[in-house]
Amino acid sequence: MENRIYIFMGVSGCGKTTIGKLFAETLGAKFYDGDTFHPESNIEKMAAGIPLTDDDRYNWLVDINKQARELFSSGQSAVFACSALKEAYRVLVAQQIGDAVVWIYLKGDVDTIHLRLKNRKGHFMSPELLQSQFDILEEPDSAIYIDTALDTNTIIQTIVKKLTKSEFGLVGLGVMGKSLARNFAGKGISLSLYNRFIKGSEEQIAEKSISEYPELHSAVGFEDLKSFAESLERPRKIFLMIKAGEETDTFIDELVPYLNNGDVIIDGGNSYYGDTQRRILFLKLKGIHFIGTGVSGGEQGALTGPSIMPSGPAEAYKLVERYLTLIAAKDKSGDPCCTYIGIDGSGHFVKMIHNGIEYAEMQLIAEVYVYLRYAVKMQPPQIAAVFTEWDKSELNSYLLGITAALLVKKEGDAWLIDLILDKAGNKGTGNWATIAASELGQPATLITSALLARYVSTIKENIRVNGEQATEHNLETISLPEIRDAYRLARIVNHQQGFMLIDEASKKYSWDLNLAEIARIWTNGCIIRSAFMEELVLVLKKDSNIFENATVLKQLKIAKSGLKMFAVSALQYDLSIPSHLAALDYLNVLMGNYATANIIQAQRDYFGAHTYQKIGDSTGKYYHTEW
């Protein structure tokens, strides 16, 4: 360990001397009992049961500091036991050597320590003075906290572990953070874990996680940010799994004072890509690297191998590449589903579009379900059987598989799906993807329709419109092969729109994104992994527009009639299928010979002189008419 002055602090009877001596023996360092620095007058007062004043303690603290400075300046580490109950006392003890001092706070409750003092023989400190020490005690903001109820061997092992430098740090032990921590630790990465302290609701989260999961037993937990940062090898590599937005900015501001040039912060949350770019520039001025990283796979993916989408300075990625690729899922060839996406906030942009595609994929499955349930009159296990059969074919996808599984879950005599409130939430990425599509002038109609469907689900309780349902006995349903074609085609459109959106962003922001490589890392670990995504790896190597591929184009032409029949039949049953309709409308525009935009452009020229271009005019000239 580095040259340090280790000071064990706490009230009398907490075990400072006993633990301090054992720790000094472990280090092979000198031990100093702070009590031996007290002048005789202080000892006489305490023996008489009279509490010491700050004036009484001043010279005592200065003398301890003098000894500590001499040892440190000579290159020696040393261990001191000193109550140092107030922050002002600790400032005195650490003056001129503050960065070299490691505070170790032995924390215990009044009753336990009072009993220890009563059983202690031959010490000048009266047990009656214990309460006065607790009264003035100011717990340190920056220290290694140790529970005095632990046995001495465990205490020493815990201290040594906390002082040993870790390879990697992880902040935020929610569901995803905890799973990622277990993934890292399971791959042999030495970890320091930090979770904020909120009295009564978030206390000792890191320590509890470490004790709960065997793979984390070698990790070290912290609630003090400075100690956490000091526990890491340099350059530090710190992975954030905390709430996106203002909370991330606030935490970065708190963390930066404890970092050094060349350290790397990795943001693994669902951050807005513009925020990521802003943070990259802000931290660059401070000499700190920032990597914006999309992480997909949910709780299980985070634990067993997610898909990871990092971006930012290439030199910074090189510092963390080994760690990220180690925990990532593996594709069919055994390569990690993690790749350097590009500069700026491109990683979070790509994750945002991933989530948008995910929104639409989920909505499409829900629309097929609603048709099978309410038009075809299938029960959940029958629909599950259909989805399971499809999942064994080229329609295979993670989302289709889990939907088949959830449909057969029961609660009592009821299907659980029938007990779940018909109200879908969202965490913002679908909204951002829709905004980005508008800003880039890209028709991501399936993402948008899926997002708006979720919005509608949240208001329908308050805005119910009574109306007549379709007369079902006069209607016929379409066949399962036709429904399958409709679903298959709508999925193709969803992926085409998503990748076109990524491609347009790549061009506008000069990101030089590799669409085929993005598809590859989405073949495993992530929520939108599927057999079709595996096909797209090869397709996107040739063209960013998958409609240009002959095989895909053939599927469009074959399946379009199924999509049309599904749309008509569902509407006759008064069913909501916005994403299938969006796919059909998109294809009608691209594959049809009729015109609507010419009317709109003429209207624009009529009321606003916005001009128009003419068919067959190779000059590209713009015209205006006085209508």
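Nothing in this text is a laboratory measurement; each read-out follows from the coordinates by a stated rule. Note that the structure is a prediction, hence the values are computed from the model and not measured. Glycine also receives a Cβ, built like all others from the backbone with ideal geometry; neighbour counts cover every protein chain displayed.
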> Which number comes out as Rg/Rh for segment 119-210 once both Rg and the Kirkwood Rh are worked out on C-alpha atoms?
Replying inline: 1.09
>> To test your reading of the geometry: what angle, between 0 and 90 degrees and rounded to tens, separates the Cα axis of helix 246-255 from the longest principal axis of the chain?
In response: 30 degrees
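Which of the trypsin sites (Lys or Arg not before Pro) found in segment 273-382 are in a DSSP loop and have at most 10 neighbouring Cβ atoms, other than their own, within 10 Å?
Taking segment 273-382 and a limit of 10 other Cβ atoms within 10 Å, the loop trypsin sites (Lys or Arg not before Pro) found are K332, K377.
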> Please identify the trypsin sites (Lys or Arg not before Pro) of segment 192-247 that satisfy two criteria: DSSP loop assignment and at most 10 other Cβ atoms within 10 Å. Which are they?
Replying inline: K199
>> For a quick check of your reading of the filter: which GluC sites (Glu not before Pro) in segment 529-627 sit in a DSSP loop and have no more than 13 other Cβ atoms within 10 Å?
In response: E626
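Calculate how large, on average over all directions, the projected area of the Cα convex hull of segment 352-585 is; give the answer in nm² to one decimal.
About 13.7 nm², averaged over all directions.
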>> Using the basic label-point model (7 angstrom from Cα toward the beta carbon), what is the K86 to H624 distance in nanometres?
In response: 8.0 nm
>> Using a 7 Å offset from the Cα along the Cα-to-Cβ direction at both S218 and S393, what is the distance between the two label points in nm, to one decimal?
In response: 4.8 nm
>> Shape verdict for segment 217-301, please, from the Cα gyration tensor: rounded (a/c under 1.5), prolate (a/b greater than b/c) or oblate.
In response: oblate
> What distance in nm separates the simple spin-label points at E315 and L590, each placed 7 Å from Cα in the Cβ direction?
Replying inline: 4.2 nm
> What size of dipole, in debye to the nearest 20, comes out for segment 1-75 about its Cα centre when the only charges are +1 on Lys and Arg C-beta atoms and -1 on Asp and Glu C-beta atoms?
Replying inline: 260 debye
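Which three numbers, in whole Å and largest first, are the semi-axes of the equivalent ellipsoid of the chain derived from its Cα gyration tensor as √(5λ)? Present the calculation step by step, with values, prior to reporting the outcome.
Values: eigenvalues 802, 153, 93 Å².
The equivalent ellipsoid of the chain has semi-axes of 63, 28, 22 Å.
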> Which entries of K392/K564; K226/K318; K199/K409; K30/K178; K243/K377 show an alpha-carbon separation above 32 angstrom in the structure shown?
Replying inline: K199/K409; K30/K178; K243/K377
>> Taking amide H atoms as placed 1.01 Å from N in the peptide plane, list the residues 5 or more away in sequence, or in a different chain, whose amide H sits under 5 Å from that of N396.
In response: A531
>> Taking only Cα atoms of segment 496-627, what ratio of Rg to Rh do you get with Rh as the Kirkwood inverse-distance radius?
In response: 1.07
>> If each residue of separation counts as 0.36 nm, what is the full-extension length gain between D63 and K30 once their alpha-carbon separation is subtracted?
In response: 10.2 nm
>> In Å, what Kirkwood hydrodynamic radius results for segment 165-344 from the alpha-carbon pair distances?
In response: 16.1 Å
> Of F72, I447, N426, whose Cα points farthest to the positive end of the dipole of the chain (charges on the beta-carbon: +1 Lys, Arg; -1 Asp, Glu; origin at the Cα centre)?
Replying inline: I447
>> Can you compute the FRET efficiency between Q204 and A550 using 1/(1 + (r/R0)^6), with r the Cβ-Cβ distance and R0 = 56 Å? Round to the nearest 0.05.
In response: 0.40
> Residue by residue, what Karplus-based ³J(HN,Hα) values in Hz, rounded to whole numbers, does segment 313-330 have, using 6.51, -1.76 and 1.60 with θ = phi - 60° and x for Gly and Pro?
Replying inline: x, 4, 5, 6, 4, 4, 6, 10, 4, 4, 6, 6, 5, 5, 8, 6, 5, 10
> When the convex hull of the C-alpha atoms of segment 175-274 is computed, what volume per residue in Å³ does it have?
Replying inline: 112 Å³
> If you line up the long axis of helix 152-163 against the longest principal axis of the chain, both from Cα atoms, how many degrees apart are they, to the nearest 10?
Replying inline: 60 degrees
>> If I stretch the segment between V408 and N514 completely, what's the gain in nm (0.36 nm per residue apart, minus their alpha carbon distance), one decimal?
In response: 34.2 nm
>> If I stretch the segment between I459 and K165 completely, what's the gain in nm (0.36 nm per residue apart, minus their alpha carbon distance), one decimal?
In response: 100.6 nm
> Roughly how tilted is helix 380-391, in degrees to the nearest 10 and between 0 and 90, from the longest Cα axis of the chain?
Replying inline: 90 degrees
> Hey, what did segment 313-392 get for relative contact order, percent, Cα under 8 Å, at least 6 apart?
Replying inline: 17 percent
> Cross-link partners among aspartates and glutamates for K187, C-alpha distance below 15 Å, same-chain residues fewer than 8 apart left out?
Replying inline: E167, E215, E321
>> Between K243 and Q379, what's the calculated FRET efficiency when r is the beta-carbon distance and R0 is 30 Å? Round to 0.05.
In response: 0.15
> How high is the relative contact order of the chain, in percent, counting Cα pairs under 8 Å that sit 6 or more residues apart?
Replying inline: 9 percent
